[in-house]
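Written below as structure tokens is the structure these notes are about.
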Amino acid sequence: MCRTCVAIAGADYCVIAADTRMSTGYSILTRDYSKIIQLADKSVMASSGFQADVRALQKVLAARHLIYQHQHNKQMSCPAMAQLLSNTLYYKRFFPYYAFNVLGGLDSEGKGCVFTYDAVGSYERVGYSAQGSGSTLITPFLDNQLKSPSPLLLPAKDAVTPLSESEAIDLVKTCFASATERDIYTGDKLEILVLNASGIRREYMELRKD
Amino acid sequence: MFRNQYDTDVTTWSPAGRLFQVEYAMEAVKQGSAAIGLRSKTHVVLACVNKASSELSSHQKKIFKVDDHIGVSIAGLTADGRVLSRYMRNECINYSYTYESPLPVGRLVVQLADKAQVCTQRSWKRPYGVGLLVGGLDESGAHLYYNCPSGNYFEYQAFAIGSRSQAAKTYLERKFEGFTESSRENLIKDALFALRETLQGEKLTSSTCTIAVVGVGEAFHILDQETVQSLINEFEIVGEEPPADEATVPDQGGVAEPGPADQGTPTDQGVTPMDV
């Protein structure tokens with residue numbers, strides 16, 4: 001399982017981040033491969049796992065989105081895309097896409113939303129998520145820092161973090177910097193996408209290359 | 001020509017070597033409201049007349065986006081046109097899924113023509129009753145094709161189909177030599193004038209016509225009503241008589257320059273909810 005992806009939903013923004021290293025076994029194949037794709041106006045997907053399956057999945061979703069646009073004359077909303085992704089994954093229940101996805105974006109009210117998936121399409125809307133090899137290192141840290149949207153809390157609370165956009169971005173950078181230290185598959189460069197009402201913004205941060 | 005014993009079946013030849021059902025299908029195209037296409041070296045403009053069956057109803061959609069680089073306008077049985085547009089969209093999506101590049105217009109047109117031909121050689125099918133003006137851009141430049149119900153297709157510099165299209169064709173025949181080097185604005189203007197010819201006296205307003213453009217650096221899109229109305233106003237000021245007198249020297253080079261009125265700010269998308 002390679003690479004790490006993280007997403008955090010805010011009140012009016014969403015941050016999705018993934019490292020850009022592609023590796024196999026103990027070798028690095030490339031240090032600069034983007035795993036994040038913008039599927040629609042307000043939906044961005046980051047996936048870890050087997051990259052050929054990830055790429056195929058991205059293409060299928062992009063084609064389905066085009067068809068949707070032709071039929072409905074508008075872009076797919078993030079929750080609609082979330083359902084489509086789930087259905088697409090389950091369609092191959094008996095020969096799955098080896099892809100561990102995180103879908104982030106803005107819902108129809110403009111609030112940030114993050115959906116997290118397993119390989120066969122089981123999904124849930126959450127306030128934050130991490131997938132990939134570094135997820136085991138990052139998730140406990142996010143549980144601690146982002147208390148309120150944690151799915152572990154009962155009763156279930158609002159699924160977005162009260163943090164501001166810049167605080168969330170800093171948090172993501174901290175997560176990756178730490179994960180890079182211990183996880184061999186995570187590193188090289190961090191790609192961060194921020195979605196908010198004014199559009200999409202990309203940021204990069206260097207990570208350790210070893 | 002009509003009502004003879006060889007026209008019941010599309011699979012029956014007449015002694016003169018004609019398939020009457022196919023020819024009747026082409027008649028259906030002539031009955032539809034007009035659609036016009038023109039192309040320059042870098043742009044293709046499609047225009048059509050909006051015919052609503054009554055004051056209470058909306059007009060039918062006659063221009064369809066097939067892909068970012070291809071659009072189609074139809075005349076005839078609009079239902080057939082809708083179905084064929086869906087086919088074309090699927091073909092484009094599948095091609096770019098497999099080859100990661102846009103489907104060349106010429107290929108799409110051949111596939112469409114083959115599909116139409118099938119219906120001329122099956123006893124349980126009927127020919128599509130729609131003519132399609134396919135306009136698009138690919139590596140080899142801008143193209144305009146006309147697809148017939150017969151399964152034939154032709155490439156054109158400019159063409160008009162549908163009712164009263166002869167008037168538009170006459171106008172286009174006069175002007176077509178200048179189209180290759182024409183600018184985007186002049187091309188649209190010529191489309192509007194040609195369209196006006198088919199209206200034969202009826203007023204040309206943005207509610208009676210639809211214009212779509214595709215060009216270098218410009219994805220296929222239908223111009224919104226306000227833009228079209230402002231273009232009509234701009235051009236009609238020049239004069240009512242057919243512009244034989246105009247010194248419309250086409251601008252230098254066919255390089256795409258986005259007209260300031262068109263780009264961005266289509267303020268209210270849902271102004272007339274029944275419009276496309």
Between A:Y97, A:Y68, A:Y90, which is in contact with a strand residue (DSSP E or B) (Cβ under 9 Å, 6 or more places away or on another chain) and more than 14 Å from chain B (Cβ to nearest Cβ)? A:Y97
Within segment B:108-133, track down each residue that is of a type outside the set (A, V, I, L, M, F, W, C) and in contact with a strand residue (DSSP E or B) (Cβ under 9 Å, 6 or more places away or on another chain). B:Y128, B:G129, B:G131
Picking from A:L61, A:L39, A:L103, A:L66, which residue would you name as being among the aliphatic types (A, V, I, L, M), under 16 Å from the mean Cα position of the chain (by Cα) and not in a strand (DSSP E or B)? A:L61
Taking the condition of being at pLDDT 90 or above, touching a strand residue (DSSP E or B) at 6+ places or on another chain (Cβ under 8 Å) and assigned to a helix (DSSP H, G or I), how many residues in segment B:181-226 meet it? 9
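Every residue, every condition in (1) modelled with pLDDT under 90; (2) in a loop (DSSP other than H, G, I, E, B); (3) in contact with a Cys (Cβ under 7 Å, 6 or more places away or on another chain); (4) of a type outside the set (G, A, S), yes or no:
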residue	(1), (2), (3), (4)
B:F2	yes, yes, no, yes
B:Q5	yes, yes, no, yes
B:V10	no, yes, no, yes
B:R18	no, yes, no, yes
B:M26	no, no, yes, yes
B:A47	no, no, yes, no
B:Q60	yes, yes, no, yes
B:S73	no, no, yes, no
Out of A:Q75, A:Q71, A:Q83, A:Q51, sole residue that is of a type outside the set (D, E) and within 25 Å of A:L207 (Cβ to Cβ): A:Q51
Top-ranked residue in segment A:17-65 [being more than 20 Å from A:L195 (Cβ to Cβ) and of a type in the set (S, T, N, Q); ranked as nearest to the other protein chains (Cβ to nearest Cβ)]: A:Q51
If B:V66 passes every condition in (1) within 14 Å of chain A (Cβ to nearest Cβ); (2) in contact (Cβ under 8 Å) with a residue 60 or more places away in the chain; (3) outside any strand (DSSP E or B) but one, which one does it miss? (3)
Specify the residue that is farthest from B:Q200 (Cα to Cα); the eligible residues are those in segment B:12-36 that are touching a Phe, Trp or Tyr at 6+ places or on another chain (Cβ under 9 Å) and of a type in the set (S, T, N, Q). B:T12
Within segment A:1-53, take every residue that is farther than 22 Å from A:I138 by Cα and in contact with a strand residue (DSSP E or B) (Cβ under 7 Å, 6 or more places away or on another chain) and give me the one that is surrounded by the most Cβ atoms within 10 Å (Cβ to Cβ). A:S43
From the option list A:V120, A:V126, A:V160, single residue qualifying as among the β-branched types (V, I, T) and either over 24 Å from A:M76 (Cα atoms) or modelled with pLDDT of 95 or more (or both) is A:V120
Which condition number does A:A56 fail, the rest of (1) of a type in the set (G, A, S); (2) at negative phi; (3) surrounded by 23 or more Cβ atoms within 10 Å (Cβ to Cβ) being met? (3)
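Condition check ((1) more than 14 Å from chain A (Cβ to nearest Cβ); (2) buried (at least 23 other Cβ atoms within 10 Å of the Cβ); (3) closer than 30 Å to B:S207 by Cβ; (4) of a type outside the set (K, R)) across all residues:
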{"residue": "B:R39", "(1), (2), (3), (4)": "yes, yes, yes, no"}
{"residue": "B:L46", "(1), (2), (3), (4)": "yes, yes, yes, yes"}
{"residue": "B:E55", "(1), (2), (3), (4)": "yes, no, yes, yes"}
{"residue": "B:S73", "(1), (2), (3), (4)": "yes, yes, yes, yes"}
{"residue": "B:N94", "(1), (2), (3), (4)": "no, no, no, yes"}
{"residue": "B:T98", "(1), (2), (3), (4)": "no, no, no, yes"}
{"residue": "B:P102", "(1), (2), (3), (4)": "no, no, no, yes"}
{"residue": "B:D114", "(1), (2), (3), (4)": "yes, no, no, yes"}
{"residue": "B:C119", "(1), (2), (3), (4)": "yes, no, no, yes"}
Scanning segment A:144-200 for residues that are of a type in the set (V, I, T), surrounded by fewer than 16 Cβ atoms within 10 Å (Cβ to Cβ) and part of a helix (DSSP H, G or I) gives A:T174
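The values are calculated or read from the model by the stated rules, or taken from the named source; none is laboratory data. None of these values were measured; they are calculated from a predicted model. Note that each Cβ is placed from the backbone with ideal geometry, even for glycine, and that neighbours are counted across all protein chains shown.
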